[in-house]
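So the structure is just underneath, and the comments pick up after that.
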Amino acid sequence: MKKIFTPKVIALLVAVVLIATAVVAGIFIARGPNTLFTGPTLQVSLPGMPLSFDPMHAFRCQSGAAIVSMLYEGLYRHEPNGRVVPAMAQGWRTTRNDLEFGEYVIEITLRESRWTNGDLVTADHFLFAWRRLLDPANNSEAAVLLYQIRGARQVVTGEASIYNFGAAAVGTDVIEIEFDVSDGERPDIDMFLQALASPALVPLHRDSMERTSYWSTNAMMVESNGPFNLQRISYDLVPGSQPPTHRPSMLLERNLFYRRNIERHANNRFVTPFRIELNFTSAGRFEINGSNQDLRFGTSAELSYALFNYDLSKYTSGVPFANRDERGVNVVDTMNTHTYIFNTDNPLFADARVRRALSIALDRNELINSAQVHGRPAEGVVPPTGVFNTRWGRNATLFADARPNGSLISPTGDMAAARALLNQAGVTSGAFEILVRGWDAEALRVAEYVRGVWNSLGFTVTIRTEGFVNVPGATYNEALDGMDFTRDNFMNAYLARDWDVVALDMQTLSSNPLFALAPFSLFGSGSATVGLPSGQEYAPHISGWSYSRFDAQISRSFSSRDAAVRANYLHDAEAILMEQMPIIPLFVHQNVFQYSSDLRGIFTNWTGFTNFIRTNDRTFRFGREE
């Protein structure tokens with residue numbers, strides 16, 4: 001029978017087709033590459049702006065370590081309790097196990113994910129980054145993280161090529177790892193996964209890096225494989241300000257390709273916020289309620305807090321020191337310790353008693369209050385949280401809590417004991433410099449306090465600042481004209497050992513204490529062996545310090561397959577380090593922040609910094625912020 005369609009039937013069919021078309025279009029908008037209307041823009045105020053996004057160097061700077069963790073993702077990651085879980089890795093499996101012949105090999109398979117430019121993240125991207133860490137020319141203290149891999153240490157010492165160690169890409173998404181099992185024992189896979197979870201072992205996009213030498217400071221060149229990408233860095237000049245004042249800011253945007261199958265997953269499937277606008281609040285005027293309000297309150301923290309109180313930001317990590325105990329303020333320990341390192345080749349610091357005296361003289365409680373820094377006095381090299389005495393787990397003990405004799409550093413100063421040690425060493429005067437990053441206002445305040453104490457002991461101390469090089473006569477703009485980012489004079493001076501004492505933020509790289517202590521040994525310093533005296537096989541830590549008993553405990557720790565036995569060696573090693581004092585841990589940074597009740601899903605990651613990946617704003621409705 002021939003079917004006849006009435007006008008009503010035809011109209012109904014047309015309606016069905018239109019509805020189906022709308023549904024399909026809606027799915028495409030929600031799940032396709034469109035970035036609109038899929039998440040809030042978070043206004044975030046932070047006190048200090050990082051100037052480099054190179055993972056190899058960022059962990060020496062507190063703010064750099066915080067932001068780089070949002071830009072990159074490694075094979076594994078640490079959870080706040082220290083547990084290691086897969087990130088870019090789907091997992092690992094043993095492929096060859098013949099310990100009798102010194103062979104143990106695993107494969108790690110990557111999950112599918114892409115860089116911000118759409119390129120697939122591959123095994124080669126990880127290997128490129130790892131070779132860069134092992135390259136003797138880079139003097140990386142993070143190289144020790146890879147020393148379980150066959151031949152990795154020989155690359156650092158110059159005995160092998162960076163292409164000749166036991167890590168290889170056996171496919172686009174598979175990394176093969178051959179372990180050093182010359183002792184005939186199965187490798188400690190738990191320790192290796194703790195290393196792989198380090199923020200220093202993230203992949204790098206080689207092609208974008210090789211386009212320019214200043215890729216790590218240029219937003220257009222930084223390719224990310226993490227949840228966010230760097231869209232813009234700006235140093236806007238405040239109109240009419242005299243002297244010229246700049247308002248640094250940064251824009252992060254959701255990485256559309258982060259873990260997503262763009263045909264199946266909504267844009268906000270893995271990352272909730274669309275954008276994060278970071279304001280670093282240098283002094284200047286800000287538009288508030290249609291009028292110019294002068295927010296020059298003196299410090300970046302006060303400015304940041306003022307913006308928060310004016311509702312111009314919904315999250316601030318710039319809480320003034322005086323307000324840290326207010327209701328609604330969160331205080332979280334980080335894994336970052338502000339530390340002074342001695343150049344022990346300077347005759348003034350050759351005697352451990354002098355170094356110890358300079359540490360003992362400092363009242364760390366007074367330092368924190370005087371410099372108004374958010375921190376707690378350092379008790380040793382290993383920070384109080386996030387580093388475990390044995391394996392993580394329900395009964396895990398923090399390394400710091402298990403110290404046999406408690407804290408290794410007194411939080412209060414003792415000038416009388418300091419002078420007595422200096423008299424014993426026969427060093428009661430002398431002149432030297434403290435090298436500080438020129439743009440780090442907090443580090444400068446700390447240095448002022450330290451200089452005052454050390455001058456009172458009879459020394460003549462000056463503060464030397466270095467940073468990125470200013471181009472004479474140039475002005476700032478969004479493209480960062482006016483700064484030569486190919487020349488970071490601070491890092492150049494640090495790596496060349498052109499300093500007497502240097503101030504660094506030292507980021508702990510793993511939940512395993514071995515990787516916090518090993519860089520101070522001959523075994524794990526990562527320092528190049530070029531130019532060493534004849535007969536000297538390994539280079540010392542960049543301080544120039546080495547000590548045979550300390551080296552022996554680090555070597556024993558690395559060889560041990562028993563985590564509890566290893567912990568005993570490491571507690572002894574840390575005690576030796578604090579007795580010899582080639583470095584002075586001053587205070588552990590704290591993340592002190594406050595956020596609006598509109599925000600949900602804020603939590604801190606293993607390092608103590610805030611993770612915004614699942615943060616939502618209750619005022620965000622249907623693609624607009626109300």
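A few remarks follow.
- Selection of the range 136-170 for residues being in a loop (DSSP other than H, G, I, E, B) and small (Gly, Ala, Ser) yields Ser140, Gly151, Gly158, Ala160, Ser161, Gly166.
- Total residues in the range 111-127, condition in contact (Cβ under 8 Å) with a residue 60 or more places away in the chain and under 18 Å from Glu178 (Cβ atoms): 2
- Applying the criterion of being part of a loop (DSSP other than H, G, I, E, B) and in contact (Cβ under 8 Å) with a residue 60 or more places away in the chain to the residues of the range 316-325, the residue that is surrounded by the fewest Cβ atoms within 10 Å (Cβ to Cβ) is Arg324.
- Of all residues in the range 64-92, those that are under 12 Å from Leu196 (Cα atoms) have Cβ atoms under 6 Å from Cβ atoms of residues that are polar (S, T, N, Q), 6 or more apart or on another chain, in Glu73/Asn225; His78/Ser511; Val84/Gln194.
- Output for the range 90-139, where each listed residue is touching an Asp or Glu at 6+ places or on another chain (Cβ under 8 Å) and of a type in the set (Phe, Trp, Tyr): Trp92, Tyr104, Trp115
Per-residue answers, yes or no, for (1) modelled with pLDDT of 95 or more; (2) over 21 Å from the mean Cα position of the chain (by Cα); (3) more than 27 Å from Met581 (Cβ to Cβ); (4) not hydrophobic (A, V, I, L, M, F, W, C):
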residue: Pro472; (1), (2), (3), (4): no, yes, yes, yes
residue: Phe490; (1), (2), (3), (4): no, no, no, no
residue: Leu495; (1), (2), (3), (4): no, no, no, no
residue: Pro519; (1), (2), (3), (4): no, no, no, yes
residue: Pro533; (1), (2), (3), (4): no, yes, no, yes
residue: Gln536; (1), (2), (3), (4): no, yes, no, yes
residue: Arg549; (1), (2), (3), (4): yes, yes, no, yes
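- Within the range 495-508, residues that are within 29 Å of Asp333 (Cα to Cα) reach no partner that is assigned to a strand (DSSP E or B) and of a type in the set (Lys, Arg) with beta carbons closer than 7 Å at six or more positions or on different chains.
- Single unsatisfied condition, Leu398 versus (1) surrounded by fewer than 17 Cβ atoms within 10 Å (Cβ to Cβ); (2) within 22 Å of the chain's Cα centre (by Cα): (1)
- Test: Arg451 is more than 18 Å from Asp488 (Cα to Cα), more than 28 Å from the chain's Cα centre (by Cα), modelled with pLDDT of 95 or more and among the charged types (D, E, K, R): no
- Flag for Phe587 being buried (at least 18 other Cβ atoms within 10 Å of the Cβ) and closer than 27 Å to Thr41 by Cβ: no
- Enumerated strands (runs of 3 or more DSSP E) restricted to the range 82-135, each holding at least 2 residues that are surrounded by fewer than 15 Cβ atoms within 10 Å (Cβ to Cβ), touching a Phe, Trp or Tyr at 6+ places or on another chain (Cβ under 9 Å) and aromatic (Phe, Trp, Tyr): none
- Selection status of Arg419, surrounded by fewer than 18 Cβ atoms within 10 Å (Cβ to Cβ), among the basic types (Lys, Arg) and over 25 Å from the mean Cα position of the chain (by Cα): yes
- Qualifying residue in the range 264-272 (condition: hydrophobic (A, V, I, L, M, F, W, C), outside the structural domain of Ile368 (by TED's automatic domain parsing) and modelled with pLDDT of 85 or more): yes
- Test: residue in the range 590-610 that is touching a His at 6+ places or on another chain (Cβ under 7 Å), aromatic (Phe, Trp, Tyr), modelled with pLDDT under 95 and crowded, with 18+ Cβ neighbours inside 10 Å: yes
- Here the condition is being modelled with pLDDT of 90 or more and touching a Leu at 6+ places or on another chain (Cβ under 8 Å); of Ser224, Ser317, Ser304, it holds for Ser224 alone.
The values are calculated or read from the model by the stated rules, or taken from the named source; none is laboratory data. Predicted model only: the values in this text are computed from it and were never measured. Counting neighbours? That spans all protein chains shown, and the Cβs are built from the backbone with ideal geometry, glycine included.
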